[in-house]
1. In units of 2.2 N^0.38 Å, what is the alpha-carbon radius of gyration of the stretch 54-133?
2. Compute the semi-axes of the equivalent ellipsoid of the stretch 342-427, taking the square root of 5 times each eigenvalue of the Cα gyration tensor, and list them largest first in whole Å.
3. Using every alpha carbon pair in the stretch 140-227, what percent of pairs falls into each 10 Å bin from 0 up to the bin containing the largest distance?
4. Using the Karplus equation 6.51 cos²θ - 1.76 cosθ + 1.60 (θ = phi - 60°), what ³J(HN,Hα) coupling, rounded to whole Hz, does each residue of the stretch 36-44 give in order, writing x for Gly and Pro?
5. Would you work out the charge dipole size for the stretch 6-226 about its Cα centre, treating the Cβ of every Lys and Arg as +1 and the Cβ of every Asp and Glu as -1, and quote it to the nearest 20 debye?
6. Please report the projected area of the chain's Cα convex hull averaged over all directions, in nm².
7. Using only the Cα atoms of the stretch 105-149, each taken as one equal point scatterer with no solvent, compute I(q) by the Debye sum, divide by I(0), and report log10 of the ratio at q = 0.13, 0.19, 0.26, 0.30 Å⁻¹.
8. Give me a comma-separated list of calculated 3J(HN,Hα) values for the stretch 344-353, in order, Karplus coefficients 6.51, -1.76, 1.60 applied at θ = phi - 60°, integers in Hz, x for any Gly or Pro.
Amino acid sequence: MQKNNIQGIVLAAGKSTRLKTGRSKLLEPICGREMVSYPTKLLDELDMPITMIIGYQGDLIKKALDRYKFKDITFVEQKEQKGTGHALLCSKKTWSADDILIINGDAPLVHAETIEKLCYEHTKNNATISFVTANHSDPLVANYGRVIKEKNIIKIVEPANFTGDDVSESCWINGGIYLVKKDFLEKAIDDIPKDSISKEFYLTDLVRLAGEKKHTIKTVSVPFDCIRGINTMYELWAAEQIKRSQLIRFWMGEGVRFELAQNAHIDSDVKIGAGTRVCLGSQLLGTTSIGKGCTIGSHSIILNSTLEDNVTVLPYSYIVNSKIYDNAQVGPFVHIKNSSEIKPNATIGNFVEIKKSIIGQNTKAKHLSYIGDTTIGSNVNIGAGTITCNHNGKQKNKIKIEDNAYIGSNSSLIAPIKIGKGAFTAAGSVINKNVPENALAIARSRQENKADYANKIIGKTTSNKKENKDEAPFIGAIKSKDATTISTE
Ligand code: UD1
Ligand code: CA
């Protein structure tokens, strides 16, 4: 069967009541992508035209899927949620292919091989309806529709309707993926009855209807992990756990070392180069791309960022929407964000925040700094505690620090300002005028030492000092109500 004779339908209108968040479960992220995007992407990659049934929070779903640029997708609304059979009925006018493939939107773990196997068996057996099943040791607990064969008729019995005595009577469950001949579907869809218990129209009744009319029904079984549906928070956790381990296993195959792999998180769109080491508790998120031979230190979070080769990220670093070039080192405890760029061999050390800034090659900012809206050249030294004052209360202004400049510790650089090539600023300076090339800027008050003045302030004499010699300094401090009148050393 040519896949272009198949139209894909994704059921995504449900209310997600069992998740209890008030939000459509279909939007819940699983390794960085919305749950519903997984089955949809799968059909898109198989070149099927897709009809998605939306209803509850449909506009949000539509908007979220925009970014995937699916080749051929149409949305149909199910205004009232009356069950999966009714959801499918809402799309009747769109049915155009010879066979209609229906998949639950809450099935993010389905592989292309499962769909291909279903299509192959359906065609080979000239079946009217084919669907995917899986074995589960306790279908009642799992809350899936149960596949039951009675007098050569196959039917799917929903958990609420199961009347058998033995819970393990049938261990076959319905995977929620169906391929149905359009001609049959067009007639049978109107014959689905309203279920007496749930008052819903069950799509699964199509199987019983086909059996009663002696149509050929084919089942294709796959591992349970490939068809898991998600109704509850626990099932969401379990599915993401599986997806994550699949991704980690894939990247291990590509030569990536994971220290304590069960503790790392990777999103579906992340790329990692061979020889990179990902330490425990790290999260690589969004569209992050990591080069070869990098080290991602423990508990670091990297979101939508690019790291070139041999970059070292020391523990507890948070890097968002930024780029770090070859051989640079950042961390521990850095925050790099808003399209910042850290050029080759640069070093960004402890407790440094970099916002919307470019840090040049071989430049170092190793301790306790804020660098915002700043462009820094190469071989610059940013002393400990340097702060760029980029906001004047109304707007942000830019700062430029040219090659080989040396910014003394605890400098405040008030924007807009330019520090010329090779210029120095003295430690503790508040710089608010441009500094020319190779100049030294000192902007702090002069120090004056007044001999013995400290003792005068606190009224301390030599005899006083002797009297209190056994008292620990902090005890004196606690006793004193006023810190300026501390009487002990
Ligand atoms: C469904 C099957 C069950 C199967 C299981 C596999 C039915 C009646 N039952 O049960 O046999 O074992 O999937 O995971 O189909 N939806 C709508 N409109 C609605 C109701 C649901 O679009 O009115 C959508 C949901 O958003 C969801 C999908 O259909 O994406 C499946 O619905 P859900 O309520 O999760 O069905 P299950 O109870 O899991
Ligand atoms: Ca479900």
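The values are calculated or read from the model by the stated rules, or taken from the named source; none is laboratory data. Keep in mind that this is a model prediction, so the values were computed, not measured. With ideal geometry, Cβ positions are generated from the backbone for all residues, glycine too; neighbour counts draw on all protein chains shown. Heads up: the accessible areas ignore ligands, DNA and RNA and are worked out on the full protein's heavy atoms, side chains in. Shrake-Rupley method; radii C 1.70, N 1.55, O 1.52, S 1.80 Å.
1. 1.24
2. Details: eigenvalues 60, 36, 32 Å².
Listed largest to smallest, the semi-axes of the stretch 342-427 are 17, 13, 13 Å.
3. P(r) for the stretch 140-227, in whole percents per bin: 15, 49, 33, 3.
4. For the stretch 36-44, the Karplus curve yields 5, 5, 5, x, 5, 4, 4, 5, 4 Hz.
5. Details: 31 positive and 31 negative charges, 87 e Å.
Rounded to the nearest 20 debye, it is 420 debye.
6. 34.9
7. At q = 0.13, 0.19, 0.26, 0.30 Å⁻¹ the computed log10 ratios are -0.39, -0.78, -1.07, -1.11.
8. Karplus-based 3J(HN,Hα) across the stretch 344-353 equals x, 6, 6, 10, 10, x, 3, 6, 10, 10 Hz.
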